[in-house]
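See structure below.
The values are calculated or read from the model by the stated rules, or taken from the named source; none is laboratory data. Computed from a predicted model, the values in this text were never measured in an experiment. Backbone-built Cβ (ideal geometry, glycine too); neighbour counts: all protein chains shown.
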Amino acid sequence: MTKQSTAEEFKEIFAPLRQKHLSPQEEATLEQAKEWMSGEPEKAIKQLFQEARTLMTSGDAATAAAMDLARRFRATARHLKSSAPSPLTALSPKFKVMMDDARSDPDVSQKLEVFAFVEKAIENLKAQEDNGASRE
């Protein structure tokens, strides 16, 4: 397993991607959003990623604990998305492209393994929910 990324490392990883994909106006919007994100939203996300890093050590994104994390992560993301200021919401497609770029770079994608773990856990949760719905 590679070294766990910290918030500062994430900042460094995404700096060139932000420069590549965001206009100066969009960058300013993102800077303004930091105030909106600070406090409870930031604390909730950090806590979920810390828990994900701990769960990653098992290597299994299908455990009951991983499913619980996926449920809470998905709920938090939905809440944040629904309450985000509209200029920030408008940047969502660009964030997706930035993340796709990060994943396509082997060196960067290794540093983002916690994101991959969370995504896998969410995929597993969705599959579990879909299987439960098909049995009803």
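When T76 is tested against (1) in a helix (DSSP H, G or I); (2) of a type in the set (S, T, N, Q); (3) within 30 Å of E129 (Cβ to Cβ); (4) without any contact (Cβ under 8 Å) to a residue 12 or more places away in the chain, exactly one condition is not met: (4).
Among the residues of the stretch 34-49, those identified as surrounded by 12 or more Cβ atoms within 10 Å (Cβ to Cβ) and within 16 Å of the chain's Cα centre (by Cα) are M37, P41, E42, A44, I45, Q47, L48, F49. In the stretch 56-70, is there at least one residue being crowded, with 16+ Cβ neighbours inside 10 Å, within 25 Å of E12 (Cβ to Cβ) and among the β-branched types (V, I, T)? There is no residue in the stretch 56-70 that is crowded, with 16+ Cβ neighbours inside 10 Å, within 25 Å of E12 (Cβ to Cβ) and among the β-branched types (V, I, T). Selection of the stretch 1-46 for residues being modelled with pLDDT under 85 and outside any helix (DSSP H, G or I) yields M1, T2, K3, Q4, S5, T6, S38, G39.
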